[in-house]
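Take a look at the structure below.
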Amino acid sequence: MGNPAETTGVQSVDRAVTIMEIMAREGDVGVTEIAAELGVHKSTAFRLVATLERRGLVEQDSDRGKYRLGVGLLRLAGATKKQLDLVQESRTVIEELAGVVGETVNITVLSEGAALYIDQVAGPSALQIHNWVGRRIPLHATSNGKALLAFHAYRRLSDLVRTPLDRFTEYTITSLRELEAALGEVRERGYAVAVNELELGLTAVAAPVYDSQGRVTASVSASGPGFRLEGRVEEVGKAVVDAGEAISRRLGWHPPRAV
């Protein structure tokens, strides 16, 4: 049997989404109308609407007492648009990078203390493709995660990284002190490297992507079997740095002028 609390939670989420769909269709709508369409008591409908209102997802018309979609949805839509823009602007670049290095290329963004993979292109050497798109991977165990962290303007590393740091292999970094040292090396080198840290036999190299304000907005990586990338890390590192800069320029970034 299912967990009653879990079932109730899922039902509430479904009803909340339905409420927003009703407002998208009808515009301003009252609690009585919402309750009738949901088939619930008016007090239940009111609690759901009140929760959505606290999050800014719906708002009340003070004159008519009815509710409509709120400006909080624009914030969510803006985040989605930002990712879609990033995928669109980077696609040509990562396709070219995959062809040059012959390996799988990924784009990731920082999301909920992890690296969220939002696009992937397989190079000609990638025979068995592991689809990472849509997955959140711990920051400390990946080249993408370390690239995002190394160039992020954080105040404390612990604010971004989930602790304790999970161990995936014997090579995984598991202390914040070690991670800080590794990120210093990334900043000096200009790109991040992860060898056997997430999976044995997997090597990955990543570089940052900047937005128009010069802030790190994503990372781009090339990854593949260690036996193919061994001895090529510096070459691949230069390629991903060039790709990261190319994507950054497409997003409106201008490299700092040399002094």
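The values are calculated or read from the model by the stated rules, or taken from the named source; none is laboratory data. Please read these numbers as outputs of a predicted model, since none were measured by experiment. Glycine also receives a Cβ, built like all others from the backbone with ideal geometry; neighbour counts cover every protein chain displayed. The accessibility values were calculated without ligands, DNA or RNA, using every heavy atom of the protein model including side chains. Shrake-Rupley method; radii C 1.70, N 1.55, O 1.52, S 1.80 Å.
One residue is enough: does the stretch 72-92 have a residue meeting the conditions part of a helix (DSSP H, G or I), within 30 Å of THR217 (Cα to Cα), open to solvent by 70 Å² or more (accessible area, probe 1.4 Å) and modelled with pLDDT of 90 or more?
yes
Residue by residue, here is whether (1) outside any helix (DSSP H, G or I); (2) among the aliphatic types (A, V, I, L, M); (3) open to solvent by less than 30 Å² (accessible area, probe 1.4 Å) holds:
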{"site": "GLY134", "(1), (2), (3)": "yes, no, no"}
{"site": "SER158", "(1), (2), (3)": "no, no, no"}
{"site": "ARG162", "(1), (2), (3)": "yes, no, no"}
{"site": "LEU165", "(1), (2), (3)": "yes, yes, yes"}
{"site": "TYR171", "(1), (2), (3)": "yes, no, no"}
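Only one residue in ARG215, ARG250 is within 19 Å of ASP119 (Cα to Cα), at pLDDT below 95 and either within 22 Å of the chain's Cα centre (by Cα) or among the small types (Gly, Ala, Ser) (or both). Which one?
Exactly one residue qualifies, and that residue is ARG250.
Show the residue pairs meeting these rules: Cβ distance below 6 Å; 6+ apart or different chains; first residue within the stretch 189-202 and among the small types (Gly, Ala, Ser); second residue at pLDDT below 95.
Taking only residues 6 or more apart or on different chains, the pairs are GLY201/PRO225; GLY201/GLY226.
Filtering the stretch 34-46 down to residues that are open to solvent by 90 Å² or more (accessible area, probe 1.4 Å) and part of a helix (DSSP H, G or I), which residue is nearest to SER12 (Cα to Cα)?
Restricting to residues being open to solvent by 90 Å² or more (accessible area, probe 1.4 Å) and part of a helix (DSSP H, G or I), the top hit is PHE46.
For ARG155, state whether it is closer than 30 Å to GLU89 by Cα and modelled with pLDDT under 90.
yes
Restricting to the stretch 206-256, and then to whatever is outside any loop (DSSP other than H, G, I, E, B) and of a type in the set (S, T, N, Q), can you tell me which residue is farthest from GLN88 (Cα to Cα)?
Per the stated criteria, the residue is SER223.
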